[in-house]
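Data first, discussion second: the structure below is written as structure tokens.
The values are calculated or read from the model by the stated rules, or taken from the named source; none is laboratory data. This structure is a prediction, so every number in the text was calculated from the model and none was measured. FYI the Cβ positions are ideal-geometry reconstructions off the backbone, even for glycines, and counts take in every protein chain you see.
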Protein chains: 2
Amino acid sequence: MNENVEVSHFMRSLNVALGERSYPIYIGHHLLDASELLNRHIDSRHVLIVTNEIVAPLYLSMVQESLPGCSVATVVLPDGEIHKTMDTAMKVIDTLISLKMSRNTHIVALGGGVVGDLAGFVAACYQRGIPFIQIPTTLLAQVDSSVGGKTAVNHPLGKNMIGAFYQPKCVIADMTTLQTLPDREFSAGLAEVIKYGLIRDPDFFEWLELHIDDLLNQDLDKLGYAVERSCFNKAEVVASDERESGLRATLNLGHTFGHALETGMGYGEVLHGEAVAIGICLAADLSRRLGWLTDTDVARIVALLERARLPVTPPADLGVDDYLEHMSVDKKNVEGQLRFILLKKIGWATLPIAVDRNQLVETLATYGRS
Amino acid sequence: MNENVEVSHFMRSLNVALGERSYPIYIGHHLLDASELLNRHIDSRHVLIVTNEIVAPLYLSMVQESLPGCSVATVVLPDGEIHKTMDTAMKVIDTLISLKMSRNTHIVALGGGVVGDLAGFVAACYQRGIPFIQIPTTLLAQVDSSVGGKTAVNHPLGKNMIGAFYQPKCVIADMTTLQTLPDREFSAGLAEVIKYGLIRDPDFFEWLELHIDDLLNQDLDKLGYAVERSCFNKAEVVASDERESGLRATLNLGHTFGHALETGMGYGEVLHGEAVAIGICLAADLSRRLGWLTDTDVARIVALLERARLPVTPPADLGVDDYLEHMSVDKKNVEGQLRFILLKKIGWATLPIAVDRNQLVETLATYGRS
């Protein structure tokens, strides 16, 4: 709250290397208390903070007070994935335009993945692009959605179908905000953390097997390490493939099934991280059927997800045909053919590949409603 | 219609130099008859043609037939600027998604500026970006909106307020399509042609003074030259400043007043080029008041626009306060201050500058309703 307060001693910083679009990720605790970090990246007197009804009472005033020289407007969205729509985005744009906010206005996204994705999409589109800053307040947003410049809103027929690649000016991940996160959402974030171990960092997967309970117990030191290592993995992948022409697709492990589950259940019924956890189990099962993972590998994966208090089997609502229908609009598809990220082993993901339909149906029938 | 037909002998090609986003502009006649040009830039089996109800009966089948190996879907929009909205964009997206068109689908924009801006914005947003090709069929689109990657839809409170910088894979400008263009729209296109002379190409301005009647008489050779020289000027400016941080703003000569006029009159009442023509006259008047243009300069500008059969004074509907209100959301504004592109002399535009309010009001009062 005071500009003279030193930035926390516990702070790590990573760089997402994207040439002129490069930006830092700051990871630490009590980062929102100190205004220096945020102000370093705002060179405008006009700021719009986009947040939601859950986060606003907790952290909005703290962020507002750290911008004493600015004219700060605020949009408080209703909570939930169901509101990540073009209609909501247009309401934010209505606010920007009715306040006559110009092209040098900065948008600050304060909240979880829904707030970040939607505010980022608005920043990408308003006047063809204005600067924005991510302050992710959920574990999922800190390790995944706030990093890498994917912004989007959902379409009734498919998740994230409308969006832009648009990089923030910086990401400020304050571990302190995780202390107010509901347990279910914290676990949902762990699904993406575990994903990084599975796709490219086997040592991290083993570290997670040893320390998952410390994370659940909110050990700030271990948590900072897990967020940093997740962001490091994501930043490396994004830097090598910003617009997802290759390697970046591996970040979608579990997401093809997961998105189908989210679309099929209706947005908001199942949390994104929960859907990803279930999707990872289906991808692991399919990888086992292809002879890549052993039964033991699959058991380790399922066990770690369960210890993170995540669901590992889909709800009974969806059948094979439902999955096939919802997956038919997946962004990884080429010429109408479904493609999946699978695992060659723990720590090694494939690029998107087409799979034998019979084996796919076997996996779906095993897990889904028959 | 036949793949073996040679591309027209009359074809010029320009390059828009934007590194990995570079693309060619082809300018010629009977280009749509030959499929080679279009197919050279489509490496997908799936194409969505976006066009409108006026253009479709004239050229749609020609373009469809030139894509024999592709599965081609079509969206035919209603005609007019009034439909350049997010609602219309969402209808195109509904089509893409309901047909399960994947990320390698190519969008072909066949029509004028409204079709190109809207289809380009859809291409920029659908699945975070799919390839698109511009086939502009109006003079205004050929010399301006199809070149440079500005895509957008309008907001009720401001023109082009929602959009993206997103470059096409190529632009195919077929002079033949201008033969079906209504006179009023042809003249509207000439406003942007004249603009290039005014902002950076005094020799071209003089050439236009000599040849404006040839252009109005649809001399294909002179027309090809005028389109090429306009695109050359635009391509040079865009290559030096893709995202409008400086020089690119000079392309907006007359547009600040023009957009206010369009917003104030209601989209579609006045054509964009007509609004720009009037806006150029206001900018010239203001430049004269600042001591930069002589009375003779202003008279030459007004005379050339009049010879191009363009309006040079605004309709009586708008007053000073209306202009000030509508201009207050202009994208060039900084920290709430209005900024204009003005002329130091014929062939030399300023960067956006703030002007003395009294002089601005004098110009508006002279031209607008008092």
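When restricted to residues that are surrounded by 21 or more Cβ atoms within 10 Å (Cβ to Cβ) and within 21 Å of the chain's Cα centre (by Cα), the stretch B:305-328 contains 6. Return yes or no: is residue A:205 touching a residue at least 60 places away in the same chain (Cβ under 8 Å), within 14 Å of chain B (Cβ to nearest Cβ) and surrounded by fewer than 23 Cβ atoms within 10 Å (Cβ to Cβ)? So residue A:205 does not fit the description; no. So, residue A:103, is that one in contact with a strand residue (DSSP E or B) (Cβ under 6 Å, 6 or more places away or on another chain) and within 14 Å of chain B (Cβ to nearest Cβ) or not? Against the criterion (in contact with a strand residue (DSSP E or B) (Cβ under 6 Å, 6 or more places away or on another chain) and within 14 Å of chain B (Cβ to nearest Cβ)), residue A:103 does not qualify. Screening residue A:238 against (1) surrounded by fewer than 17 Cβ atoms within 10 Å (Cβ to Cβ); (2) in contact with a helix residue (DSSP H, G or I) (Cβ under 8 Å, 6 or more places away or on another chain); (3) at negative phi leaves a single unmet condition, (1).
Checking the structure you have, find out if any residue of the stretch A:310-320 is hydrophobic (A, V, I, L, M, F, W, C), modelled with pLDDT of 90 or more and assigned by TED's automatic domain parsing to the domain that holds residue A:269. Can you show your working first?
Filtering the stretch A:310-320 down to residues hydrophobic (A, V, I, L, M, F, W, C) leaves A:310, A:312, A:316, A:318, A:320.
This time we only want the ones that are modelled with pLDDT of 90 or more, so: A:310, A:312.
Then keep just the ones that are assigned by TED's automatic domain parsing to the domain that holds residue A:269; that gives A:310, A:312.
So far as the stretch A:310-320 goes, yes, one or more of its residues are hydrophobic (A, V, I, L, M, F, W, C), modelled with pLDDT of 90 or more and assigned by TED's automatic domain parsing to the domain that holds residue A:269.
Residue by residue through the stretch A:166-177, note down the ones that are out of contact with any His (no Cβ under 8 Å at 6 or more places or on another chain) and not in a strand (DSSP E or B). Full working, then the answer.
In the first step, residues of the stretch A:166-177 are kept if they are out of contact with any His (no Cβ under 8 Å at 6 or more places or on another chain); the result is A:166-168, A:171-173, A:177.
Of everything in the stretch A:166-177, those that are out of contact with any His (no Cβ under 8 Å at 6 or more places or on another chain) and not in a strand (DSSP E or B) turn out to be A:166, A:167, A:168, A:177.
Has the stretch A:251-268 got at least one residue that is over 19 Å from residue A:188 (Cα atoms) and either surrounded by 24 or more Cβ atoms within 10 Å (Cβ to Cβ) or more than 14 Å from chain B (Cβ to nearest Cβ) (or both)? No, the stretch A:251-268 has no match at all. Could you look through the stretch A:147-165, keep only residues that are surrounded by 20 or more Cβ atoms within 10 Å (Cβ to Cβ), not hydrophobic (A, V, I, L, M, F, W, C) and not in a strand (DSSP E or B), and pick out the one that is nearest to the other protein chains (Cβ to nearest Cβ)? For the stretch A:147-165, the residue satisfying everything is A:149. All conditions in (1) within 27 Å of residue A:166 (Cβ to Cβ); (2) at pLDDT 95 or above; (3) of a type in the set (A, V, I, L, M, F, W, C); (4) in contact with a Phe, Trp or Tyr (Cβ under 7 Å, 6 or more places away or on another chain) hold for residue A:283, with the sole exception of (1). Counting only residues that are surrounded by fewer than 18 Cβ atoms within 10 Å (Cβ to Cβ) and assigned to a helix (DSSP H, G or I), the stretch B:63-87 holds 4 of them.
Could you please find all residues in the stretch B:29-44 being touching a helix residue (DSSP H, G or I) at 6+ places or on another chain (Cβ under 8 Å), at negative phi and not hydrophobic (A, V, I, L, M, F, W, C)? Give the steps one after another, and end with the answer.
From the stretch B:29-44, those touching a helix residue (DSSP H, G or I) at 6+ places or on another chain (Cβ under 8 Å) are B:29-33, B:35, B:38; that's our starting set.
Those left that are additionally at negative phi: B:29, B:31-33, B:35, B:38.
Result: B:29, B:33, B:35.
Check whether at least one residue in the stretch B:40-52 is assigned by TED's automatic domain parsing to the domain that holds residue B:137, in contact with an Asp or Glu (Cβ under 6 Å, 6 or more places away or on another chain) and modelled with pLDDT of 95 or more, and report yes or no. Yes, the stretch B:40-52 contains at least one residue that is assigned by TED's automatic domain parsing to the domain that holds residue B:137, in contact with an Asp or Glu (Cβ under 6 Å, 6 or more places away or on another chain) and modelled with pLDDT of 95 or more.
The residue of the stretch B:329-350 that is surrounded by the fewest Cβ atoms within 10 Å (Cβ to Cβ), among those that are in contact with a Ser or Thr (Cβ under 7 Å, 6 or more places away or on another chain) and either within 23 Å of residue B:202 (Cβ to Cβ) or among the polar types (S, T, N, Q) (or both), is B:344.
Would you confirm, using the coordinates I've provided, whether residue B:111 is more than 9 Å from every other protein chain (Cβ to nearest Cβ) and on the phi > 0 side of the Ramachandran plot?
Values: more than 9 Å from every other protein chain (Cβ to nearest Cβ): yes; on the phi > 0 side of the Ramachandran plot: yes.
Considered against the rule, which asks whether it is more than 9 Å from every other protein chain (Cβ to nearest Cβ) and on the phi > 0 side of the Ramachandran plot, residue B:111 comes out as yes.
Conditions (1) at pLDDT 95 or above; (2) within 23 Å of residue A:121 (Cβ to Cβ), marked per residue:
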position: B:82; (1), (2): no, no
position: B:94; (1), (2): yes, yes
position: B:118; (1), (2): yes, yes
position: B:127; (1), (2): yes, yes
position: B:132; (1), (2): yes, yes
position: B:138; (1), (2): yes, no
position: B:142; (1), (2): yes, no
position: B:153; (1), (2): yes, yes
position: B:159; (1), (2): no, yes
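Taking the conditions (1) surrounded by fewer than 16 Cβ atoms within 10 Å (Cβ to Cβ); (2) part of a helix (DSSP H, G or I) in turn, residue B:283 satisfies each one other than (1). Surrounded by 22 or more Cβ atoms within 10 Å (Cβ to Cβ) and closer than 27 Å to residue B:206 by Cβ: does that describe residue B:293? Criteria met by residue B:293. A residue that is free of Cβ contacts under 8 Å to residues at least 24 places away in the same chain, over 20 Å from residue A:168 (Cβ atoms) and part of a loop (DSSP other than H, G, I, E, B) can be found somewhere in the stretch A:91-101. Selection over the stretch B:225-250 of residues that are assigned to a helix (DSSP H, G or I), under 11 Å from residue B:17 (Cα atoms) and within 14 Å of another protein chain (Cβ to nearest Cβ) gives a count of 1. Report yes if some residue within the stretch B:215-222 is closer than 29 Å to residue B:82 by Cα and at pLDDT 95 or above; otherwise report no. Yes, the stretch B:215-222 has at least one match. Take the conditions (1) within 24 Å of residue B:52 (Cα to Cα); (2) at pLDDT below 95; residue B:187 misses just one of them, which is (2).
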